[in-house]
Amino acid sequence: MSDRAPRARLATHEVLNQPSPAGDRDFLADDRPLRDALAREAPAWVARHLASLGRTVGSGHVQALGETANRHPPALRLFDRHGRRLDEVDYHPAYHELMTLAIGGGWHAVAWQEEGNGGHQAHVAALYLLTQAEPGFCCPVTMTHAAMPVLRRTPAVEAAWAPGLLAHAYDPRPLPHDEKRGLTFGMAMTEKQGGSDVRANTTRADATTDGWHLTGHKWFCSAPMSDAFLSLAWSDDGLDCFLVPRFTPDGERNAIELQRLKEKCGNRANASAEIEYRGAWATRVGEAGRGVATILDMVQQTRLDAATAPVGMMRQALREAWRHVRGRDAFGRRLAEQPLMRAVIADLALEVEAGVALVLRAARAFDGAARGEAHEAALARLLPALAKYWHNKRGPGFLAEAMECLGGIGYVEETPLARLYREAPVNSIWEGSGNVICLDVLRVLGRHPEAFAAVQAELSAAHSQQPDFDLALVGLEHALHQPAERLEAQGRWLTQRLAQCLQAALLLRHAPPEVAVTYCRTRLGTDAGPAYGVMPADAPLAAILSRIDS
């Protein structure tokens, strides 16, 4: 028998060097760039109306809903237990609660109910906040919002469907639209044959005595439990836009078969499906043979949302990174006190400031266009594409950098950064990938000179305030005078530069000088670097960092 005394069990799991739990936050009150942009761009009612949403989205309860909706993705139910075809998708209750928050709050409808009076700013700011709860469920919110301009193309369609779209009620029941409290809309355009080249689609629309009937396969149908889908199909008149309801006018399930749900890199809380139209009943929307022009009314709206979502995701990642580095010691002092980490966080904060400024300015252009203001209407043609391209190109690198600030814990699913990183590419691909957006920018510049004149006026308003900005404007002017064939090859550079210069102009005119000048130096000047955290030695980091959660 040993004469050694048994060793006492020692506690090894006391947590000493981690940030405290986040708890409830107010995502509007602690977001100085958003508050400043709203005060500048929007009527006063917008910020007041958003106040409760900021508190709700920042609550621990809603943050947990976003995580749960991702951990329990939608499930396809093709048949009931008796073998009857259902073609339904089951969602976790967390998803439905998030949809109730957005639709019940009217954030899908506010742009149209307050159009010209800050409604678009309210919608964009709300989407930015809702994205910080969970980006995926924002897809059906965006499409429901964006369907309204298409419905307006045909008064009878608008009369039948707009009241349900504008209702502040989320009703997920699979019922005919006239039996529901509120409606959601989806989109089914993409086919295997063409992708962004929708004129390569093969879906056919045939006119009959009781309406149109669509036959064909759609490679991507977003939000397949929507009450109606906007689709393109060929008729004898050309490529037309159709509204395809889930139920026919006589109350029967429409001939829309769900083939499978996509297993996506991210966007897991939202369902995306392959569908088959098997003679599905539809009604034509818009002018015959002008389907692309009709659906572009929707695309213009969804592109602005696709430009806003990555900024919301970047803001959420910045908040997580900043909280972590202020609560963790390494090498004898807080991470937030170390020069390299401060440079990285400040550079990330600049990106969010610039993104918020651009999307709120674009939203103001939409409201101005609704009031009939020519300058704002011209801006509204170009700003969504510029912002969508650039914000989504910056997003993946931003989220990877924020993840690195947390180290290993940032790479695991218990933090939101892993799912944000998986989500990052989707808005770049959705509604036109990078090259498609750049070609669209060139098309607008070529066909609508008033759009570029409006952008030039915005840029000129900040002239002579910072030398790197002025030099960038000279480079833009030189590039735009090149022959068209050379300009197309430089489409990405041109789109990036226009977006960066617009962001710089907005910051020079409206942001604190420390923010604006540092942005110009690090994005447009010789101090610019390919990675985040490459900052001038004399950069006013403290002033930039002070705006993250004030």
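Here, each number is a calculation from the coordinates, and none is a lab measurement. Predicted model, so just to flag it, every value in this text is computed and none were measured. Counting neighbours? That spans all protein chains shown, and the Cβs are built from the backbone with ideal geometry, glycine included.
Volume per residue, Å³, of the convex hull around the alpha-carbon atoms of the chain?
183
Each DSSP beta bridge with both residues in the chain is either parallel or antiparallel, and the antiparallel ones are about 90%. In region 1-156, the inverse of the mean reciprocal separation of distinct Cα atoms equals 18.9 Å; this is its Kirkwood hydrodynamic radius.
Pairs of Cα atoms nearer than 8 Å and 6+ residues apart set the relative contact order; for the chain it is 14 percent.
Sort ASP197, ASP468 so that the residue with the fewest other Cβ atoms within 10 Å of its own Cβ comes first and the one with the most comes last.
ASP197, ASP468
Taking every alpha-carbon pair within region 294-545, the share separated by more than 25 Å comes to 44 percent.
When the Cα positions of ALA159, PHE242, ALA357 are compared along the charge dipole of the chain, ALA357 comes out farthest toward the positive end, with charges on each C-beta of Lys, Arg, Asp and Glu.
Contact order for region 266-374, expressed relative to its length and based on alpha carbon pairs under 8 Å spaced 6+ residues apart, stands at 23 percent.
Membrane-span-like helices in the chain: DSSP H runs reaching 30 Å or more (Cα, own axis), mean Kyte hydropathy at least -0.5? Helices passing the filter in the chain: 291-326, 339-370, 374-406. For the cross-link pairs LYS218/LYS264; LYS180/LYS218; LYS218/LYS262; LYS218/LYS393; LYS180/LYS262, the ones whose C-alpha atoms lie over 23 Å apart are LYS180/LYS218; LYS218/LYS393; LYS180/LYS262. The relative contact order of region 32-289 comes to 18 percent, based on Cα pairs under 8 Å that sit 6 or more residues apart. Among LYS393, LYS218, a tally of other beta-carbon atoms within 10 Å of each Cβ gives an order, fewest to most, of LYS393, LYS218.
Sorted fewest first by neighbouring Cβ atoms within 10 angstrom, TRP390, TRP281 come out as TRP281, TRP390. Protection proxy ranking for 13-20, 355-362, 319-326, using the average of other Cβ atoms within 10 Å per residue and placing the highest first: 355-362, 319-326, 13-20.
Rounded to whole Å, the principal axis extents of the Cα atoms in region 137-186 read 26, 24, 16, largest first. Ordering of 44-52, 377-385, 525-533 by packing is 377-385, 44-52, 525-533, highest average first (other Cβ atoms within 10 Å, averaged per residue).
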